[in-house]
Each structure stands twice: as C-alpha cells, then as structure tokens.
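Structure first, commentary second.
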Amino acid sequence: MQEQQQQKLSMAEKFAYAMGDCGANVYVAVTSTFLTALYTDTAGIAAAAVGTMMLVTRVFDGGSDLIMGAVVDKTKTRWGKARPWLLWSAPLMAIGFILLMNIPSGFSSGGKLVYAYVTYIFMNCIVYTMNNLPYNALLSRMTLDVQDRASASSIRFFMTQLLTLILNAVTANLVSSVGWFTLSIVYSIIMALMLVICFLGTKEHVGEDADSGNVKVEKVPLKVALPALLKNRYFFIEALMFCVLYIGIVGSGTLGYYYCNIILNDVTLVTFVSMGTTIPAMITNIAVPRLVARFGKWRLMITGCILMLVGSLVIGVANTNFALVVIGLVIKGFGMGPIMSGIFAMAADVVDYGEWKTGIRSEGLVNSCTSFGMKVGIGLGSAVATGVLSLGKYDGTLAVQPDSAVSAIRFGFGNMGAIIAVVLLILCILMNIDKYIDDIQRDLTAKHAS
C-alpha cells in the first residue's frame with residue numbers, strides 16, 4: 001500500500017471531518033425538534049397535512065440519492081471525488097435553511113402549505129443530498145483503516161451530540177428573543193463555515209497518486225456499478241438501519257417538544273430531555289474506539305439496541321414522573337452512542353465489502369444508502385410523529401388538548417421508541433459484516449498497494 005494510504009489520520013483531520021457533520025447537523029437538529037411545531041403551532045398548518053407532505057417528499061429521495069451517488073463516483077477534481085461537494089453545497093445549505101424556517105405570514109393557509117412543500121423538497125431532496133451523500137462517502141476515501149474510521153466516527157458524533165445539546169438548550173429562548181428570521185441567518189452562517197472547515201481540513205488519501213498528488217479516479221460506468229451494488233446485501237440492510245434509526249431519532253425529537261409542553265406542562269424541559277440522551281451518548285462515544293478494538297462494532301451496536309429498548313420502556317411508563325423520564329432517557333442515550341458512531345463507520349465497511357466481493361469500488365452509490373436511509377428516516381420520523389398527533393386529535397390552536405392527544409403523545413415519545421429499538425436490533429443482528437473485516441482489509445491492502 002502506498003505510504004499515504006498507510007498513514008494514520010491526524011487529530012486535526014478527524015476534527016475537520018467532524019465539522020462537516022456538525023454543519024449539516026445544525027439543519028437536522030433544529031428541524032428535528034422545531035420544524036413540525038413551527039408548521040403546526042406558528043404557521044397553523046394541520047398536523048395531518050404536514051405528515052402527508054413529509055411522506056410525499058420521500059418519493060423524490062430515492063432517485064435523487066442514486067443520481068447523486070453516480071455523480072460523486074464520476075467526479076474528478078484536484079480535491080478528490082467527495083470532498084469538493086462540501087464546498088459547493090455550503091451556500092445552498094445556508095440559503096435552503098433560511099427559506100425553510102421562514103414561512104411568509106401573509107400567505108393563505110393553502111399558500112403556506114405550498115411554500116412548505118417547495119422549500120422542504122428543495123432542502124431535503126436536492127441540497128441535503130448534494131451535501132450529505134458526498135460527506136458520508138468521504139470517510140471511505142480518507143482511510144482504509146478500520147480503527148481510524150471508528151476513531152473519526154467517534155469524534156464526529158461526540159461533536160455533533162455536543163452541538164445538538166447546545167442547539168436544543170438555546171434555540172427556544174433565542175427564537176422568543178429574536179425570531180426565526182434572524183436566528184436562521186445566524187445558524188446558516190455557522191453551518192456554512194463548518195462545511196468549509198471540513199473541506200479545507202480533510203484530504204482523500206485512498207487512491208491518491210503519491211508522486212503527483214493528483215487523485216486517481218477509477219471510472220466505472222453506471223451500468224457496471226449498479227448491478228455490482230445490487231449484489232451487495234449489506235447495502236440494503238444498512239439503508240434500512242439508517243431509515244429505522246432516524247425514524248426513532250426524529251420521531252422522538254419531534255414528540256419530545258409536545259411531551260414537555262403537554263404532558264409535563266413545561267416546554268423549557270426540552271433542554272433537559274435533550275441532555276438526558278445526548279450527554280450519555282457523548283460519554284459512550286469517548287470510549288467507542290477502545291471498545292470497538294476489543295469487541296467490534298457489531299457487538300457494541302447490538303448492546304446499544306438493547307439499552308435503547310430498555311430506556312424506551314422506562315419512558316413509556318413514566319407519564320408525568322420527570323425523574324423517571326430522565327432515567328429512561330439516560331439508559332437510551334448510553335445505547336445511542338455506539339449505534340450512531342458504529343452505523344456510519346460501518347457504511348465505509350460496506351464500500352470495502354462491495355469492492356471485495358465484486359471488484360467494483362463505488363463510494364458514491366454505496367453511500368446513497370446512507371443518504372437515502374437518513375432522509376427517508378427523517379421524513380418518516382416527522383410523518384410518524386405528526387401521524388400520532390393527528391390520530392390523537394391534537395390541535396395546536398387549542399389551549400387544552402383532548403385526552404386522546406395526551407395518550408398519543410405519551411405512546412409516541414415512549415413505547416414507539418421500544419418498537420423502533422426491536423426492529424433496529426433485528427437489523428443489527430443481520431448486519432454482521434465484522435466477520436469479514438480481516439479478510440477484506442488484507443485483500444484490499446494488497447490490491448491498493450499494487
């Protein structure tokens with residue numbers, strides 16, 4: 001293997017890599033917690049209409065992800081294949097976020113819904129795809145070393161969880177003080193700067209020509225790459241894992257706002273609810289690289305699913321007992337740590353597995369499972385949350401909600417998470433790619449050294 005492929009990633013490069021996810025997570029964290037409430041309580045759009053919109057937009061995602069995956073695989077610049085898209089998408093992410101979070105108050109109810117459709121599709125199906133799919137493909141281009149990938153993913157999620165904690169702690173108060181227009185501009189600038197830092201601070205070492213410094217890109221026609229992709233069974237399992245995981249994350253995040261506001265009668269508790277899962281996940285992430293070296297990603301992720309299940313069941317019986325809610329959230333948070341860091345590092349393993357089995361390396365197409373699964377999960381998570389609210393007859397204009405809405409919110413925030421954890425556990429059991437890792441690393445090391 002070439003020297004530049006053997007070298008370990010520096011801490012500075014891992015930090016810069018993490019900044020890319022922090023940038024995108026400004027959008028994900030804010031919209032996961034506040035967008036549905038913005039639609040229902042501020043803009044006055046019915047919860048059922050919001051849920052339908054979030055389901056309908058998923059139709060566009062599959063095609064956009066496959067197209068973007070093929071585009072990344074064909075990209076050839078002096079910066080590499082995946083990395084330049086972080087720079088190109090940064091201003092669009094900022095603009096899209098501002099448009100998404102500011103629904104013109106002068107529009108009619110129908111006009112507001114149309115505006116929501118257009119901006120949601122633009123941000124999720126076009127801009128976020130342009131940013132997030134190349135970002136997730138970047139790790140497999142930075143290093144072939146499994147431990148290095150685990151370490152980079154661990155740092156990435158420690159930083160994104162810290163950012164999420166900060167955002168959830170300050171956003172509600174800032175919105176009350178300055179409004180969404182000013183806040184969205186500030187957040188969009190921060191988002192764009194983080195993406196640029198990621199672009200400037202990372203490098204695609206895999207496939208690099210050590211003598212010339214140019215990145216060698218193997219041109220694989222889509223008609224060759226796509227059939228090879230379809231032979232990679234872990235591609236499909238990984239996509240489902242991302243989808244299910246983000247249904248749980250977004251569904252819980254969305255309903256957490258309503259749980260605090262309606263069940264606990266104190267919307268400011270959203271901050272503590274966020275801390276309940278985020279801080280334990282951050283603590284776990286610090287230990288993930290060492291735990292991966294000892295036990296492997298697969299076993300850690302299975303353990304994480306079990307902890308998520310137990311924590312969700314505790315939340316499900318807590319009702320207005322906030323102390324019990326926090327206990328459940330902490331247990332769930334300790335489970336989230338290894339799952340979040342493991343699933344993204346595993347996406348790079350899926351790239352390697354595909355090359356090992358078929359001889360075709362396709363970071364872009366393989367990582368379309370990551371982007372597609374995440375976006376479908378985000379959309380379905382929001383749709384499921386609004387569906388729960390709709391079935392419970394929730395009405396954002398009422399001062400007091402009916403008992404059916406209270407019961408629906410309790411179920412959605414607690415027991416629905418337990419269902420998600422069981423499905424995720426089954427998928428994790430099927431996703432035992434670790435058993436091939438040694439053979440894959442040996443064979444690909446020899447291949448890339450030639």
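Every number in this text was worked out from the coordinates using simple rules, so none of it is lab data. Small disclaimer: the values here were computed from a predicted structure and weren't measured. Cβ atoms come from the backbone with ideal geometry, glycine included; neighbour counts cover every protein chain shown.
Packing order of peptides 45-51, 377-383, 438-444, highest average first: 377-383, 45-51, 438-444 (average count of other Cβ atoms within 10 Å over each peptide's residues). For residue 422 and residue 267, the FRET efficiency from 1/(1 + (r/R0)^6), where r spans their Cβ atoms and R0 equals 30 Å, is about 0.50. Basic side chains Lys and Arg get +1 at the Cβ, acidic Asp and Glu get -1 at the Cβ, and with that the dipole of the range 1-109 about its Cα centre reaches some 380 debye.
Cα gyration tensor of the range 301-413, axes a ≥ b ≥ c as square roots of the eigenvalues: rounded (a/c below 1.5), prolate (a/b > b/c) or oblate? Oblate, because a/c is 1.5 or more while a/b does not exceed b/c. Could you list the trypsin sites (Lys or Arg not before Pro) in the range 357-433 that lie in coil according to DSSP, counting only those with at most 15 other Cβ atoms within 10 Å of their Cβ? Loop-located and lightly packed - 393. The stretch between residue 443 and residue 41 holds 139.1 nm of extra length on full extension. This uses 0.36 nm per residue minus the Cα-Cα distance. Fully extending the segment from residue 190 to residue 306 would add 38.2 nm, taking 0.36 nm per residue of separation and subtracting the current Cα-Cα distance. The separation of the range 357-412 from the range 270-326, counted between C-alpha centres, amounts to 20 Å. Amide H contacts under 5 Å for residue 232: none, restricted to partners 5 or more places along the chain or on a different chain, H placed in the peptide plane at 1.01 Å from N. What is the chain by shape, rounded, prolate or oblate, if you read a ≥ b ≥ c off the alpha carbon gyration tensor as root eigenvalues and call it rounded for a/c under 1.5, prolate for a/b larger than b/c, and oblate otherwise? Cα axes put the chain in the prolate bin.
Ellipticity at 222 nm from helices only: DSSP H runs of n ≥ 4 in the chain, each -39500 (n - 2.57), divided by the residue count, give -26500 deg cm²/dmol. Backbone geometry of the range 245-258 corresponds, through the Karplus equation with coefficients 6.51, -1.76 and 1.60 at θ = phi - 60°, to 3J(HN,Hα) couplings of 4, 6, 4, x, 5, 6, x, 5, x, 5, 6, x, 4, 5 Hz, x marking Gly and Pro. Here the extension length gained between residue 429 and residue 397 equals 7.1 nm, from 0.36 nm per residue of separation less the Cα-Cα distance. With the simple spin-label model, which puts each label point 7 Å out from Cα in the Cβ direction, the residue 147 to residue 109 separation comes to 6.1 nm.
Taking 11 Å as the cut-off, no amide N atom of the range 23-62 comes nearer than this to a point 7 Å along the Cα-to-beta-carbon line of residue 182. A Förster radius of 25 Å combined with the Cβ-Cβ distance from residue 48 to residue 174 puts the calculated FRET efficiency at roughly 0.25. FRET efficiency for the pair residue 231 and residue 118, taken as 1/(1 + (r/R0)^6) with r the Cβ-Cβ distance and R0 = 41 Å, rounds to 0.60.
Quick one: dipole size for the range 287-359, taken about the Cα centre, charges +1 on Lys/Arg Cβ and -1 on Asp/Glu Cβ, in debye to the nearest 20.
Here the size comes out at about 200 debye.
Under the combined filter of DSSP loop state and at most 13 neighbouring Cβ atoms within 10 Å, the range 224-331 retains these trypsin sites (Lys or Arg not before Pro): 231.
Given the pairs 14/297; 297/332; 81/447; 8/223; 8/375, which span a C-alpha to C-alpha distance of over 23 angstrom in this model?
Over 23 Å apart, Cα to Cα: 8/223; 8/375.
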